[in-house]
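The values are calculated or read from the model by the stated rules, or taken from the named source; none is laboratory data. Being a predicted model, the structure only gives us computed values, none of them experimental. With ideal geometry, Cβ positions are generated from the backbone for all residues, glycine too; neighbour counts draw on all protein chains shown. Each accessible area value is taken on the protein alone, full model and side chains, heavy atoms only, with ligands, DNA and RNA left out. Shrake-Rupley method; radii C 1.70, N 1.55, O 1.52, S 1.80 Å.
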Amino acid sequence: MSKNKTTIFLAMLMLIALQMGAQNIEPSKKVLYKVIDGDSLYLHVFEPKTTIETAPTAAVVFFFGGGWTSGNPKQFYQQSEYLASRGMLAISAEYRTKNTYGTTPFECVEDGKSAIRWVREHAKELHIDPNKIVAGGGSAGGHVATCTAVIDGFENASENLTISSVPNAVIGYNPVIDTSEKGYGAKKVKGRETEISPCHNVKSDLPPMLFFHGKKDTTVPFENADRFNRLMHEAGNKSELIAVENVGHGFFNGSFFRNSSDDKYYNLTMYHTDLFLQDLGYLTGKATIASTEGLTFEYSEIAGVGKGSKYNRRDNSDIIKVNDTYYMWYTRMDKPTTSGYWGTIWYATSKDEGYTWQEQGLALGLGEKGTFDSHSVFTPNILEFNGQYYLYYTGVKPTPNNKNNEFENNAKTDITALGLAVSDSPDGPFERVENNPVLTISNVAKDFDSYRIDDASMLVRDNKIALYYKGRSLIHGTKGAHHTQMGVAFSETPEGPFEKHIKPILDKSHEVLIWNENEGVSSLASINQTVNYAPDGVNFYPLYDDLTNIPKAPGLYRSSLTGNHDSANVPTWGIAMIQKKKETYLIRFEIKKEQ
């Protein structure tokens, strides 16, 4: 070899060595957990940076993929290292596979159960909470993890069976979830296709589960994951499926295991894994990995109630569709007035998904003299329920003790309340309910909603009516708008009575925009420019942050507001407002989700 070629060769070796060093991930230790037929199986343990004085941590046990035929625990080294850095004990487990041990998928499931049992049995020495053990895995390993929770039997009789092998939660990355001919692996379990098929063994009281699945997976059909998720819900279990567009099988792998990976989908899956574990109380603090997801907003002008009108319009409702017609309600003022505190509620219809609108007329005028809504009615929202249309709105009356019976818009006595009017038709007429207002401010000055409440947004959830609203406190005075928080109240019926949740549920939420997503609720918080998610509809955590160009005072087309109130179709478009010095008008926007 020439001197030049030798130099180049050595340089390449050095570069490869540096790259390997940068990607060097090793467990803290390997622990023997099972000996069977003379073969030893180990747990590859990643220890968190804790001390003996620290409270016991949660633990996660990962199982690698490989079709129950082959595979390597290193597949989950990168995930384990991350979760250990966040304070969990993370483990990537060995288990028997066909190529090495001559086993079948049934032995794989047995080994998975053995691993969970061993970790729980040795919780004290591992310094973990035995009631916070997660089973996770990818592909066939995801099948093993899910089976530890779903499938009865397949226990090793030589172990201490008084200790449960069932995990407290499951996370699956494109897992095998149906071993029949509709899924993957039927030939490998021939004649016993449903024995270890999670789809065929769903029951109640299963632990919470999170699944990721590519919609273009041709190895394990996406339909399997979607069906399993539905079966889990029907059985009353907590389950969340994150569908990832335009990816196939194995998309979740990180660059340590798969050199060709740019970590885009590793980051995405681990970010949502972190959020799921936070929701369970297994992790605290914010995720230290960035989601590669993003939301962008695109705008287009609309005809009919958009720019250039003789009236100002703002603060529109969410949009509903009745037959082939879209309906929207909004606050209308005479120019040059731009504030909704001097408005009435009008409505318009569209036939082309909100690009062209026809104003139909006044939907709700001012209340009678002396009532809470006798000066202005504004920020409407809508809910169809049992064939009736419920129009929620904010009302104000003239300032108390004002000599001219005018509205001052002061920061002390000009309080608001939420009212309700009902009709048999979206075209009206809307009649105010007898128990108006249906929601009022708190009488405790320090409460977040002691001065003003506004911006009703509705959901039907768990057979209850959820009324989300924003509140401002008396203690913040003229700066109250910068301290707006979101609250929620619940009722058995749309008319109330509504019972408020004991505290605000989302900070920096000047405009209330909520929608169904998966089994939970998402919300846009405009002040800090984030989208937040609450699996239970109450306890929110950030889903997207650092958003830009967000819509102002928006409403969404939400199919869940009519008919099927459980619909989790994520909204893709809506109407918002543009506000200038002497003009406010409505504009259409679309939400673009980037993965």
Quiz prompt | the stretch 273-316, residues that are small (Gly, Ala, Ser) and in a loop (DSSP other than H, G, I, E, B) | solution = 281, 285, 287, 290, 291, 304, 306, 308, 309
Quiz item: Which is crowded, with 17+ Cβ neighbours inside 10 Å and within 28 Å of residue 277 (Cβ to Cβ), of 586, 513, 561?
Solution: 513
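Suppose we keep only residues that are of a type in the set (Ser, Thr, Tyr) and closer than 17 Å to residue 113 by Cβ within the stretch 26-68. Which one would you say is surrounded by the fewest Cβ atoms within 10 Å (Cβ to Cβ)?
Within the stretch 26-68, the match that is surrounded by the fewest Cβ atoms within 10 Å (Cβ to Cβ) is 42.
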Quiz item: Can you tell me which of 329, 346 is of a type in the set (Phe, Trp, Tyr), within 17 Å of residue 426 (Cβ to Cβ), in a strand (DSSP E or B) and open to solvent by less than 30 Å² (accessible area, probe 1.4 Å)?
Solution: 329
Self-check item: Members of the stretch 359-378 that are farther than 10 Å from residue 344 by Cβ, open to solvent by 40 Å² or more (accessible area, probe 1.4 Å) and part of a strand (DSSP E or B)
Solution: 359, 360
Quiz item: Is it true that residue 341 is over 30 Å from the mean Cα position of the chain (by Cα) and crowded, with 16+ Cβ neighbours inside 10 Å?
Solution: yes
Quiz prompt | Matching option when the condition is open to solvent by less than 20 Å² (accessible area, probe 1.4 Å) and not aliphatic (A, V, I, L, M), among 356, 394, 440 | solution = 394
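To keep it simple, each residue is scored yes or no on (1) out of contact with any Phe, Trp or Tyr (no Cβ under 8 Å at 6 or more places or on another chain); (2) closer than 28 Å to residue 294 by Cβ; (3) in contact (Cβ under 8 Å) with a residue 24 or more places away in the chain; (4) not hydrophobic (A, V, I, L, M, F, W, C).
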{"residue": "561", "(1), (2), (3), (4)": "yes, yes, yes, no"}
{"residue": "564", "(1), (2), (3), (4)": "yes, no, no, yes"}
{"residue": "570", "(1), (2), (3), (4)": "no, yes, yes, no"}
{"residue": "578", "(1), (2), (3), (4)": "no, yes, yes, no"}
{"residue": "583", "(1), (2), (3), (4)": "yes, no, yes, yes"}
{"residue": "586", "(1), (2), (3), (4)": "no, yes, yes, no"}
{"residue": "590", "(1), (2), (3), (4)": "no, yes, yes, yes"}
{"residue": "594", "(1), (2), (3), (4)": "yes, yes, yes, yes"}
Exercise. For the stretch 86-113, enumerate the residues that are surrounded by fewer than 22 Cβ atoms within 10 Å (Cβ to Cβ) and touching a helix residue (DSSP H, G or I) at 6+ places or on another chain (Cβ under 6 Å).
Key: 96
Exercise. For residue 446, work out the one condition from (1) open to solvent by 70 Å² or more (accessible area, probe 1.4 Å); (2) over 32 Å from the mean Cα position of the chain (by Cα) it doesn't fulfil.
Key: (2)
Exercise. Say whether the condition of being at pLDDT 90 or above, touching a strand residue (DSSP E or B) at 6+ places or on another chain (Cβ under 7 Å), buried (at least 20 other Cβ atoms within 10 Å of the Cβ) and assigned to a loop (DSSP other than H, G, I, E, B) is met by at least one residue in the stretch 251-264.
Key: yes
Exercise. Taking only the stretch 161-183 into account, find how many residues are of a type in the set (Ser, Thr, Tyr) and without any contact (Cβ under 8 Å) to a residue 40 or more places away in the chain.
Key: 2
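This table checks each residue for (1) modelled with pLDDT of 95 or more; (2) surrounded by fewer than 21 Cβ atoms within 10 Å (Cβ to Cβ); (3) in a helix (DSSP H, G or I); (4) in contact with a helix residue (DSSP H, G or I) (Cβ under 9 Å, 6 or more places away or on another chain).
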| residue | (1), (2), (3), (4) |
| --- | --- |
| 167 | yes, no, no, yes |
| 175 | yes, no, no, yes |
| 183 | yes, no, no, yes |
| 188 | yes, yes, yes, yes |
| 212 | yes, no, no, yes |
| 217 | yes, no, no, yes |
| 220 | yes, no, no, yes |
| 223 | yes, yes, yes, no |
Quiz item: Taking the stretch 103-159 as the search range and keeping residues that are charged (D, E, K, R) and in a strand (DSSP E or B), which one is farthest from the chain's Cα centre (by Cα)?
Solution: 129
Practice problem: Determine whether residue 436 is touching a residue at least 12 places away in the same chain (Cβ under 8 Å) and under 24 Å from residue 491 (Cα atoms). | Solution: yes
Practice problem: For residue 381, indicate whether it is out of contact with any Lys or Arg (no Cβ under 7 Å at 6 or more places or on another chain), open to solvent by 40 Å² or more (accessible area, probe 1.4 Å) and either polar (S, T, N, Q) or in a strand (DSSP E or B) (or both). | Solution: no
Quiz item: Is it true that residue 83 is open to solvent by less than 10 Å² (accessible area, probe 1.4 Å) and over 20 Å from residue 173 (Cα atoms)?
Solution: no
